[in-house]
Amino acid sequence: MSIAAYHYSQYGKEPISYDEVRQIAGDVGLTIPERVDMTFKSAKEKGKSLFQNSGRGKTKPTVHGETYLKENFSVRKGKKKKIEE
């Protein structure tokens, strides 16, 4: 969730790929689950999903997910745009 909060603080609701999550985790030395996709898919707070699929291999926060990230990680929605490669 901390990687999702960092990404949200930089790019807002822009989708994040699971490979990007793995890369960021490796860069900062975090241990993450093998199935990152299932971690995001099963993330819920008060019965509401925090993330939704956003194309093949990508996810983005739902409205409830944005609220969760703001409240629990004290971040604000980022305004940067991702450059597609």
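Values quoted throughout were computed directly from the atomic coordinates according to the rules given, and no laboratory measurement underlies them. Quick caveat, the model's predicted, so the values are computed rather than measured. Please note: Cβ atoms are built from the backbone with ideal geometry, for glycine as well, and neighbour counts cover all protein chains shown.
Points worth noting:
- The residue of segment 50-76 that is surrounded by the most Cβ atoms within 10 Å (Cβ to Cβ), among those that are polar (S, T, N, Q) and assigned to a strand (DSSP E or B), is THR59.
- Lone unmet requirement of (1) assigned to a strand (DSSP E or B); (2) surrounded by fewer than 12 Cβ atoms within 10 Å (Cβ to Cβ) for LYS80: (1)
- Identity of the residue in segment 7-49, outside any helix (DSSP H, G or I) and touching a Leu at 6+ places or on another chain (Cβ under 8 Å), that ends up surrounded by the most Cβ atoms within 10 Å (Cβ to Cβ): ALA43
- Test: residue in segment 19-39 that is basic (Lys, Arg) and out of contact with any helix residue (DSSP H, G or I) (no Cβ under 7 Å at 6 or more places or on another chain): yes
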